[in-house]
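Reviewing the structure listed below.
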Amino acid sequence: MKNNAKAVRYNKWGYIFLLPFLLVYVVFQFVPTVTTIYNSFYENYLDGLTQVGPNFVGLENYKSLFSSGDIWTFTKNTMVLWIMCFVPQIILSLVLGAWFSDVRLKLKGQRFFKTVIYLPNLIMASAFSMLFFTLFSDGGPVNSILMQLGFISEPYRFLTYTGSTRGLIAFMNCLMWFGNTTILLMAGMMGIDTSLFEAAEVDGATSTQVFFRITLPLLRPILVYVMITSLIGGLQLFDVPQILTNGTGDPMRTTMTLIMYLNKHLYSKNYGMAGALSVLLLIITAILSLIVFKVTGNDKRKG
Amino acid sequence: MEKKQETNKGLGIHARRALAYVVLCIVTFFCLFWFYVLFINATRSNGEMQAGFSALPSTHLIENWTNLVHGSQPIFNGLINSFVVAALSATLCVYFSTMTAYAIHAYDFKLKRFIYPFILMIMMIPTQVTALGFVKLVSGLGLEDSFIPLIVPSIAAPVTFFYMKQYMESSLPLSLIEAARIDGSGEFRTFNSIVLPLMKPAIAVQAIFTFVSSWNNYFIPALVLHDDKKKTLPILIAQLRAADWLKFDMGQVYVMIAFSIFPVIVVYLILSKHIVQGVALGSVKG
Amino acid sequence: MKKKIVSTMLCLTMLASMAAGCGNDATTDAGATTDAGATTDAGAAGEAAGTEAADAGSAAVITDPSKVLNIYVWNEEFKSRIEDHYPGYTKIDATNGTIGDVAVRWNITPSDDNAYQNNLDATLLNQESAAQEDKIDMFLVEADYALKYVDTDYTMPISDLGITDADLSKQYTYTQDIVTDSNGVLKGLSWQGCPGVMFYNREAAKEVFNTDDPAEIQKLVADWDTFNQTAATLKDAGYSIVSSVNDTYRVYSNNVTSKWVEDGVINIDDNLMKWVEDSKALVDAGATSTYDLWSDDWKKGFYPEGKVFAYFGPAWLVNFSMAADTEGSIGYNGGWGATEGPQGFFWGGTWICAATGTDNADLVKDIMLKMTTDDAIMTDIVVQDDDFVNNKTVMDGLASGATKIQREGESEEHEYTSKILGEQNPLPMYCAGVDGLDLSNLSAYDQGCNEEFQHAMKNYFDGNATLDEALELFYTAIAEKYPSLKAPTE
């Protein structure tokens, strides 16, 4: 009884600590979000400077989203781009994280390497892609190096083929974000008690064993975080393909992602279609996130 | 020979170390290369850049810089503005996200079962969707040309909250809080003087991320800030790139990009020290 | 040790709030006095005009809130023209000035991500309920989207300002076509003309055709059929006739005989289909490529090694954008020649519109008249900024050599010639090309249609799609941008 009363007294602090978040959230995000969902049932856009609607149209917006079939193409594009970028990224990050945390490897210059990996993220995406355009242009240095080495006889037009365009997008995105992921994982690894590693070493465990038996399981919450945020980030992939393809998703929209598509509707302030697309995106994200949660185990707190 | 002996331990330690160094060197090259190209371009004149790429620096760095400083963009104002917005956003964001995460992590209350999934759900709403509604709201509140709509919303950052929550799960034992309570520490004090220091690596990580994304943010600030004295660096860069033909100069653009990256690097280096140091200290010892 | 991060964050916060204190003095302590430093030379009026938040301050200085002239622009071109040439403009700082007792506020939003139009749309839609000092008075538009604004009541007819046709008689007609609404009412003015010509590489011309005489070259590009035959000759000699198919797009699209949109249905003009056909043939034959304008590959022809025969463009392109100040470029050596090319066209330009509801109509009228019709001011603009002004009297005078000019640092007056063009005087050619231009076939959807058409067709040229697929893509893209438009039903 006594304990319970105490708990209740403490637990009111839960509400107090939540208050700032909820207040700011309601003022700045909740209203736009609700209107987004609300708008998805209306015809509502600007034709030049003339406001059309809002007229209630029921599920009409959703219908026209599905009727063209484009939505599936763009979902597929987005997933392909995400996998192309996420798989190498998570592998690289885990490997780097494992090496950095491996006491036996005794890597020199760790601080330097740890610092360097995040640097690409400091460059604005628009500035980054300016550099990419220069380097991968027909007359650019990448082509001239490849030609000098004799790999190709005439310039390879990177941005006119689906494969190479997707490759460049994945490469650039991966470069920008793998440092981010690695830092997240490293920060998580730091939370692991070092005595565990020492004990494992005394017991004669190999590095691989240490990594899979100790590091990974203890890292699980952070890994779940990385998976989910990366998935969400992947589904919201926008700026890199947008700038690199000048918003077209060329060639033939094979690099058009869902948010780029959404952005097309925002051009005419088409809140109706944009709203419907957002709701759909929300549903897709929620389902995929749920799967990740289930696969990585239940999120139960340990005492 | 050695390899054979160590088969049960996987690859030989030397081979693994060598492999690690090779990979790290390649990764380092790809991370630093862009800064080199940026620097090279900042030293070249507009005309030289039209002639194509060059791997060697040219002689126009000072000239580009002088043109930029004496040009029409208030870059030092922009620097201060960007810094104010990014620093305050990062501070508010990590502090309140940690607080929110702590609320969910450490307390049991009725609405918790409802609020936690709710926050996770709003994390999934793409920011582009609410952006235009947000701008409407801002002008409705009369907050145009103010930093408030750029700073205050960072208090409610679901992604940062989620990270803090996950981090607490792996490295903030509740027993510690229990111990603090027995010592008679108030809840607010416990949070500030025990929980926050323990969260150091996580706070440093998220502070960097928030700072950088706020520093590089263009879309929302461009729609909110119109007074030249209030503009942040990305807007000024866009303005420089939109300059008319008489003033258009890629040399200046690159110098300005370099100029705007420099402060983030400094902030990053300061904060990253704390991430790296965390290892040596061990976590629970605080 | 453990408090280090906290203390760092605290330091950051303090630093930041201190910085906020100095940076925003006008917002945070508008009423209070002495936060000198930043704004001393700006003066009281500037400080008040500078921040809308400083209501207290502005009320003290601007007695009449209607005496604020709000001008919306996306870059600084017009601002510097006003600063340099409009009599009576006093500059306070980068975004503030005064004309007499009226405070001028420049609202600059860059055009990236459509931010300029988004901002302008929101402001115009809000014009009626806006506070008097916030009411927009003037805004600038570009040709591609001019009609979006002009064809609404948010833009004031020029005649309502008291400007007569007689005032505007010296302007080039095409500049008025662009800002004439669907009822034939003129609603904007420009101080610039941007007639385009074809610039060709003189060395290449001598090498392939044994002459670099503009009249001879003109015969080789007199119409599109001869142009395409010449392309084949140049291809055999190792030259691309133009850097990209996008170079010629503007020339075709300025000479259409129907609008992009008729009765809400998308309509592709025959001349544009001819562009598609001609371009596909050129690309397939290897006579040109599909580079985006301003990309590195497109620019390589500014140098002799780029092996590009010609570019289409107005004066500003060759004067300022083709590396004429860099050693080794064709322009640096005076190696370009100018000729009219197959069809007349224009590229660029900025139009001034008056917003309905302006409370400074007289001042707006005066700025428009001075900047777009005054001979002395406009000659000055040509001399100082090398702009091509929208004034036949001024330009004809310079073209014929009747008007001499003298720039800073030059010892004597001389006829207008261009060093970049090998001392040719290109003005007669510019003037001729633009005179016959008929731009009455514009629609409010041109910006989106032109962009999407070029994007979609690029897929066809590059062999990633058939013509039908590319057209289908175009219609889809337009339906997304302009939900009210429909694709034609066969």
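What follows draws every value from the coordinates through simple rules; no lab data is involved. Just so you know, these numbers come straight off a predicted model, no measurement behind them. Note that we place each Cβ from the backbone using ideal geometry, even for glycine, and neighbour counts take in every protein chain shown.
Calculated mean residue ellipticity at 222 nm for chain B: -22500 deg cm²/dmol, from DSSP H runs with n ≥ 4 weighted as -39500 (n - 2.57), summed, divided by the residue count and rounded to 500.
Would you work out the charge dipole size for the range A:69-296 about its Cα centre, treating the Cβ of every Lys and Arg as +1 and the Cβ of every Asp and Glu as -1, and quote it to the nearest 20 debye? Could the numbers behind the result be given before it?
Details: 14 positive and 10 negative charges, 38 e Å.
In debye, rounded to 20, the range A:69-296 gives about 180.
Sequentially through the range C:385-395, phi angles give Karplus couplings (6.51, -1.76, 1.60; θ = phi - 60°) of 10, 6, 6, 9, 8, 7, 8, 4, 4, 5, 5 Hz, Gly and Pro residues having no value and appearing as x. Taken along the Cα-to-beta-carbon direction at a fixed 7 Å, the label points for B:C25 and C:S169 span 8.0 nm.
When the Cα positions of A:Y45, A:L92, C:T339 are compared along the charge dipole of the protein assembly as shown, A:L92 comes out farthest toward the positive end, with charges on each C-beta of Lys, Arg, Asp and Glu.
First select every other residue whose beta carbon is under 10 angstrom from the beta carbon of C:A402; then total the charges, Lys and Arg +1, Asp and Glu -1.
-1
Calculated FRET efficiency, C:A237 to C:V265, Cβ-Cβ distance, R0 = 35 Å: about 0.20 to the nearest 0.05. Plugging the Kirkwood radius over Cα pairs into Stokes-Einstein for the range B:63-285, at a temperature of 4 °C and a viscosity of 1.567 mPa s, what D comes out in µm²/s? The calculation lands on 66 µm²/s. Restricting the calculation to Cα atoms, every distinct pair contributes to the Kirkwood radius of the range C:441-490, found to be 11.2 Å. The residue among B:P201, B:A242, A:I259 whose Cα reaches farthest toward the positive pole of the charge dipole of the protein assembly as shown, with charges on the beta-carbon of Lys, Arg, Asp and Glu, is B:P201.
The calculated FRET efficiency for C:D438 paired with C:D396, based on their beta-carbon distance and R0 = 22 Å, is about 0.60.
Just add up the charged neighbours of C:E207: K/R +1, D/E -1, any other residue whose Cβ is under 13 Å from the Cβ of C:E207.
0
All C-alpha to C-alpha distances of the protein assembly as shown, sorted into 10 Å bins beginning at zero, yield P(r) values of 2, 9, 18, 22, 21, 14, 8, 4, 1, 0, 0 percent in whole numbers. Using a cut-off of 23 Å between Cα atoms, the listed pairs B:K230/C:K365; C:K259/C:K300; C:K206/C:K280; B:K229/C:K91 include B:K230/C:K365; C:K259/C:K300; C:K206/C:K280 as exceeding that distance. For the range B:76-81, backbone phi angles converted through the Karplus equation (6.51, -1.76, 1.60; θ = phi - 60°) give residue-by-residue couplings of 6, 4, x, 4, 4, 4 Hz, Gly and Pro being listed as x.
For the pair A:Y38 and A:V80, what calculated FRET efficiency results from E = 1/(1 + (r/R0)^6), where r is the Cβ-Cβ distance and R0 = 35 Å, to the nearest 0.05?
With a Förster radius of 35 Å, E is 0.60.
The convex hull of the Cα atoms of the range A:69-296, projected and averaged over all directions, covers 15.6 nm². Two tests apply to each whole DSSP H helix in chain A, Cα reach of 18 Å or more along its axis and mean Kyte-Doolittle hydropathy of at least -1.0, and the ones passing both are A:2-25, A:70-101, A:162-190, A:216-235, A:271-295. Legend: mean number of C-beta atoms from other chains within 10 angstrom of residue C-beta atoms, peptide B:107-119, equals 4. Between C:T155 and C:T356, the built amide H atoms are under 5 Å apart, and every one of these is 5 or more places off in sequence or on another chain. Counting Cβ atoms of other protein chains within 10 Å of each Cβ in B:151-158 and taking the mean gives 5. Annotation for C:A281 and B:H70: the two label points, set 7 Å from Cα along the Cα-Cβ direction, are 5.3 nm apart.
Computed from the alpha carbon positions, the gyration tensor of the range C:264-387 leads to an equivalent ellipsoid with semi-axes of 35, 25, 12 Å, biggest first.
Our summary of shape: the Cα atoms of the range C:379-442 have principal axis extents of 47, 24, 20 Å, ordered from largest down, in whole angstrom. Spacing of the modelled spin labels on B:L32 and C:D325, each 7 Å from Cα toward Cβ, amounts to 3.4 nm.
Basic side chains Lys and Arg get +1 at the Cβ, acidic Asp and Glu get -1 at the Cβ, and with that the dipole of the protein assembly as shown about its Cα centre reaches some 8140 debye.
Proximity of backbone amide H atoms, modeled 1.01 Å from N, is registered between A:N270 and A:L46 at under 5 Å, excluding neighbours fewer than 5 places apart on the same chain. The separation of the range C:169-191 from the range A:239-281, counted between C-alpha centres, amounts to 35 Å. A cut-off under 12 angstrom between Cβ atoms defines the neighbours of C:Y89, and their net charge, with Lys, Arg +1 and Asp, Glu -1, is +1.
Computed from backbone phi, the HN-Hα couplings of the range B:197-206 come to x, 5, 8, 2, x, 5, 5, 4, 4, 6 Hz, rounded to whole numbers (Karplus: 6.51 cos²θ - 1.76 cosθ + 1.60, θ = phi - 60°; Gly and Pro given as x). The range B:132-170 and the range C:85-154 have their alpha-carbon centroids 29 Å apart.
Axis of helix C:4-23 versus longest Cα principal axis of chain C: the two differ by about 90°, to the nearest ten degrees.
In this structure the amide hydrogen of C:V261, modeled in the peptide plane, comes within under 5 Å of the amide hydrogens of C:N267, none closer than 5 places in sequence on its chain. Peptide C:275-285 has a mean shielding of 0, counted as Cβ atoms of other protein chains within 10 Å of each residue's Cβ.
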